[in-house]
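What follows is one structure encoded as structure tokens, with my remarks underneath.
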């Protein structure tokens, strides 16, 4: 059986059920009593059951009305919640955000951004997925993710970017290395060292940059070990398997089995950018973008 009635009729029923008085219910709803009676009559005809027993002095719920009341209250609660969620989603206050990150961003600028975002918009669910920089390019263009944090700069048609951080390149050495106690060193001083780098599959962008600056320093790094993660690189260095180059966000790790020594060249740095497709933005992402711009602007030195 198809039952057709609208939200006005349901609200009218609840008003009468709560007051058991048509005049008072009409005043609550800000309508006339005849209009209220027509709404109730139409609801009863649509359902095919009498919901109220009426006398000149008293209004009471029938058995059918009592059963209908319990479910009607639940239905109205769900509808009001659904309306609220839809309105929040329209304004971006609730929704979903998919964020891809690389090693430098998750060990650097991204956690503090996410912390503020979740405090401000707790109803927006955030999915984090690890993804190398070069893999993020396609994922952004295919709308598989909303925003990516990766190595920049980046110039790909269809993608917009925002610089999230710029961190200096540092040397990572075994704690007992002959250069471990230096205040700083030149890249050229590492020319004869054995290098540990991230794998080509996961670290291609950063590897290309490391080879570029090493060749500018007139040597090609001798790569003897590779690791897929930052912790793997640090562990191999700590085991005296070689040296490496990394962003100075490594200082957040506070490891005592490796030494971190700055390079004497200020231009050696890795840039972390936020990137997104200019043809696909959600309300949730627009809120994230606004926060990203405001937070990073506040973090800039005067």
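The values are calculated or read from the model by the stated rules, or taken from the named source; none is laboratory data. All values derive from a computational prediction rather than experimental measurement. Cβ atoms come from the backbone with ideal geometry, glycine included; neighbour counts cover every protein chain shown.
For the reader, a short list of remarks on this structure follows.
- Of all the criteria given as (1) in the same structural domain as residue 294 (by TED's automatic domain parsing); (2) surrounded by 12 or more Cβ atoms within 10 Å (Cβ to Cβ); (3) over 30 Å from residue 7 (Cβ atoms), the one not satisfied by residue 173 is (1).
- Extreme residue, nearest to residue 164 (Cα to Cα), among residues of the stretch 266-278 that are touching a residue at least 12 places away in the same chain (Cβ under 8 Å) and surrounded by fewer than 17 Cβ atoms within 10 Å (Cβ to Cβ): 269
Residue-wise test of (1) at pLDDT 95 or above; (2) under 13 Å from residue 176 (Cβ atoms).
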| site | (1), (2) |
| --- | --- |
| 240 | yes, yes |
| 243 | yes, yes |
| 248 | no, no |
| 253 | no, no |
| 260 | yes, no |
| 268 | no, no |
| 277 | no, no |
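- Qualifying residue in the stretch 83-95 (condition: without any contact (Cβ under 8 Å) to a residue 40 or more places away in the chain, within 18 Å of residue 6 (Cα to Cα) and not assigned by TED's automatic domain parsing to the domain that holds residue 287): yes
- Residues in the stretch 178-190 that are surrounded by fewer than 19 Cβ atoms within 10 Å (Cβ to Cβ) and in contact (Cβ under 8 Å) with a residue 12 or more places away in the chain: 179, 180, 181, 182, 183, 184, 185, 186, 188.
- So residue 254, is it part of a loop (DSSP other than H, G, I, E, B) and either touching a strand residue (DSSP E or B) at 6+ places or on another chain (Cβ under 6 Å) or over 24 Å from residue 135 (Cβ atoms) (or both): yes
- Odd one out for residue 71, checked against (1) surrounded by fewer than 12 Cβ atoms within 10 Å (Cβ to Cβ); (2) more than 16 Å from residue 7 (Cβ to Cβ): (2)
- Taken over the stretch 191-235, the criterion of being touching a helix residue (DSSP H, G or I) at 6+ places or on another chain (Cβ under 8 Å), assigned to a loop (DSSP other than H, G, I, E, B) and exposed (fewer than 14 other Cβ atoms within 10 Å of the Cβ) is satisfied by 218, 220.
- Residue that is modelled with the highest pLDDT, among those in the stretch 285-302 that are loosely packed, with under 11 Cβ neighbours inside 10 Å and not in a loop (DSSP other than H, G, I, E, B): 297
- From the list 66, 88, the lone residue that is at pLDDT below 90 and farther than 20 Å from residue 276 by Cβ is 88.
- Counted residues, the stretch 191-214 - those being under 17 Å from residue 260 (Cβ atoms) and either outside the structural domain of residue 235 (by TED's automatic domain parsing) or free of Cβ contacts under 8 Å to residues at least 24 places away in the same chain (or both): 0
- Given (1) closer than 27 Å to residue 234 by Cβ; (2) at pLDDT 95 or above, index of the condition residue 218 fails: (1)
Matching residues to (1) in contact with a strand residue (DSSP E or B) (Cβ under 9 Å, 6 or more places away or on another chain); (2) assigned to a loop (DSSP other than H, G, I, E, B); (3) at pLDDT 95 or above; (4) under 30 Å from residue 285 (Cα atoms):
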{"position": "144", "(1), (2), (3), (4)": "yes, yes, no, yes"}
{"position": "154", "(1), (2), (3), (4)": "yes, yes, no, yes"}
{"position": "157", "(1), (2), (3), (4)": "no, yes, no, yes"}
{"position": "160", "(1), (2), (3), (4)": "yes, no, no, yes"}
{"position": "164", "(1), (2), (3), (4)": "yes, no, no, yes"}
{"position": "167", "(1), (2), (3), (4)": "yes, no, no, yes"}
{"position": "172", "(1), (2), (3), (4)": "yes, no, yes, no"}
{"position": "179", "(1), (2), (3), (4)": "yes, yes, yes, no"}
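- Only one entry of 155, 127, 142 meets the criterion of being without any contact (Cβ under 8 Å) to a residue 60 or more places away in the chain, surrounded by fewer than 13 Cβ atoms within 10 Å (Cβ to Cβ) and closer than 17 Å to residue 209 by Cβ, and that entry is 155.
- When we screen 93, 127 for residues that are at pLDDT 90 or above and either under 18 Å from the mean Cα position of the chain (by Cα) or not in a helix (DSSP H, G or I) (or both), the only hit is 127.
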